[in-house]
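No lab work stands behind these numbers, since they all come straight from the coordinates. What you see is a predicted model, and the numbers here were worked out from it, not measured in a lab. Here Cβ is always computed from backbone atoms with ideal geometry, including for glycine, and neighbour counts include all displayed protein chains.
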Ligand code: GLN
C-alpha cells in the first residue's frame with residue numbers, strides 16, 4: 001500500500017515536472033503553443049495528407065519562418081481554442097477569430113488580416129424567407145463564436161430557439177438534416193463551404209450583419225513578443241505579395257477546392273486508405289490514454305477501496321468523500337476544470353494529455369474505489385471473525401483472507417470499468433486531445449462523409465473493445481485457476 005502510494009506520488013510529481021519543463025523551455029527558445037479550430041475552411045483545416053492548411057495556417061507558417069520562431073499547433077473546438085489562451089494553456093490562437101470589443105477586454109489582437117461579417121444560412125431547399133420565419137424554430141449556432149453572439153442578440157426579437165455545436169461541419173449537417181432550420185456564422189466561411197458542396201444557402205450575401213475582421217490573438221498583456229513578431233511578419237508578407245498569393249490559393253475561382261480529394265475517398269475503403277495515418281494516430285492516442293487510465297485509475301481506485309473499509313473513521317470518511325465528489329462530477333466538467341480552470345490558479349501549463357490522464361484517474365478511480373470497497377464488504381463478515389479468532393491480526397486477516405476473496409468478486413467489475421474507460425476517452429476530445437473521436441471530427445470537416453467516417457470510427461472502437469474484453473477474460477480465467 002505504501003509502495004503504491006509512493007509510486008503514485010512519484011508519477012504525479014513526474015507529470016508536474018514534465019509540464020513545468022515544457023513551460024520553462026518555452027521561455028528560452030521561442031516555441032509557442034498555438035491553438036486553432038481545424039474545422040474552419042478555408043482558414044483552418046486539414047488537407048488530404050492530414051497537414052494543417054488554410055489561409056490562417058499558411059500565413060502563420062510563413063510569418064514563423066521569417067520571424068524565426070517555431071510553434072506547436074493544437075487543433076480543438078473554437079471555444080476551447082480561445083479559452084486555452086485566456087487560461088495560459090496556449091500562447092496564441094489563430095482560428096478565423098473575429099476582433100470584437102468584448103474580446104478586446106481579454107485578448108490583444110494582431111493587425112486585422114481578413115474582412116468578414118455575419119451571415120445567416122438555411123438548407124438549400126428551405127422555405128424560410130426572412131428572419132421572421134424563424135419564430136418557434138430552432139437555430140444552430142457554434143459555441144463561443146461571434147455568430148452565436150449575434151444570434152443570441154436577436155433571439156428575443158425573432159423568437160427562435162437555439163442549439164449549440166462545437167464544430168462547423170456537425171452544425172451544417174444539423175441544418176441540412178432539418179433538425180434546425182438556420183444558422184448564423186461567418187460569411188466567407190459559409191460561402192466557401194457552399195462552393196464546396198455543402199447544401200446550404202446564404203440569405204444575406206450582400207449585407208452581412210456585423211462587418212468585422214479576423215485577427216491573431218494572445219492573452220491581454222501577455223506574449224507581446226509573439227504578437228509583435230506576428231505583426232512584423234504580416235506587414236512583410238502583405239507588402240511583398242505573399243499574403244495575396246496565399247489568399248488566392250484558397251479563394252481564386254480556379255483554386256482547387258479542399259475537398260479535391262473527394263472523388264477517391266467517398267467509399268469506405270477510400271476514406272480508410274486516404275486517412276490511414278490519421279486513423280492510426282488517433283487510435284494510438286486512444287489506446288495510450290486507455291492503458292494509462294486503466295492502470296493508474298485501478299491503483300487509485302484500489303487505494304480508495306481499501307481506505308473505504310478502514311477501521312479508522314477519518315480514513316473511511318475521506319474515501320467516501322473523494323468517491324462522492326468524483327463520481328458525481330460529469331467527466332467533461334472535470335476535464336475542463338483541470339485543463340482550462342486549474343492552470344490559471346496554479347500558474348503553470350498542464351499539457352492536454354496529462355490533463356486527460358488525470359481526469360481519467362479521478363473519474364474512473366472513483367468508480368473503481370466504490371466497487372472495490374463493495375467487493376471487500378461483500379466478503380462475509382464471519383470470515384473476518386473466524387480469521388481473528390484464529391489469532392491473525394487485522395492486517396494479516398485483511399491481506400490473507402478478505403482481499404483474495406474480495407478481488408475475485410471484483411474481477412467482472414474491473415473488466416466493465418476497463419471498457420468504460422476506453423469509451424470515456426472520447427470525452428477528452430473536448431480538450432483538444434487528438435484521439436479517435438477528435439480525429440473523426442477533423443476528417444468529417446474535410447470530406448463531409450459523416451455517415452461513413454463515424455461508422456468507421458464506431459467499428460474501430462468495437463474492435464478494440466472486443467480485444468480488451470478477450471484479454472480481460474483471459475486474465476480472469478488465469479486468476480481463477
Ligand atoms: N469568426 C467567428 C468568431 O470569431 C467564428 C470563428 C470560428 O468558428 N472558428 O467567433
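Evaluate the following for residue 172: is it closer than 22 Å to residue 53 by Cβ, assigned to a helix (DSSP H, G or I) and within 14 Å of the ligand (Cβ to nearest atom)? Yes: the conditions hold for residue 172. Being assigned to a strand (DSSP E or B), surrounded by 22 or more Cβ atoms within 10 Å (Cβ to Cβ) and away from the ligand (no atom under 16 Å from the Cβ), is that true of even one residue in the stretch 177-192? So far as the stretch 177-192 goes, yes, one or more of its residues are assigned to a strand (DSSP E or B), surrounded by 22 or more Cβ atoms within 10 Å (Cβ to Cβ) and away from the ligand (no atom under 16 Å from the Cβ). Scanning the stretch 149-168 for residues that are assigned to a helix (DSSP H, G or I), within 11 Å of the ligand (Cβ to nearest atom) and surrounded by 18 or more Cβ atoms within 10 Å (Cβ to Cβ) turns up 150, 168.
So residue 119 clears everything in (1) over 30 Å from residue 333 (Cβ atoms); (2) within 13 Å of the ligand (Cβ to nearest atom); (3) assigned to a loop (DSSP other than H, G, I, E, B) except one condition, right? Which one? Here residue 119 meets the rest and fails (3). Among the residues of the stretch 129-148, those that are surrounded by fewer than 17 Cβ atoms within 10 Å (Cβ to Cβ) and either within 16 Å of the ligand (Cβ to nearest atom) or part of a loop (DSSP other than H, G, I, E, B) (or both) comprise 129, 130, 135, 136, 137, 143.
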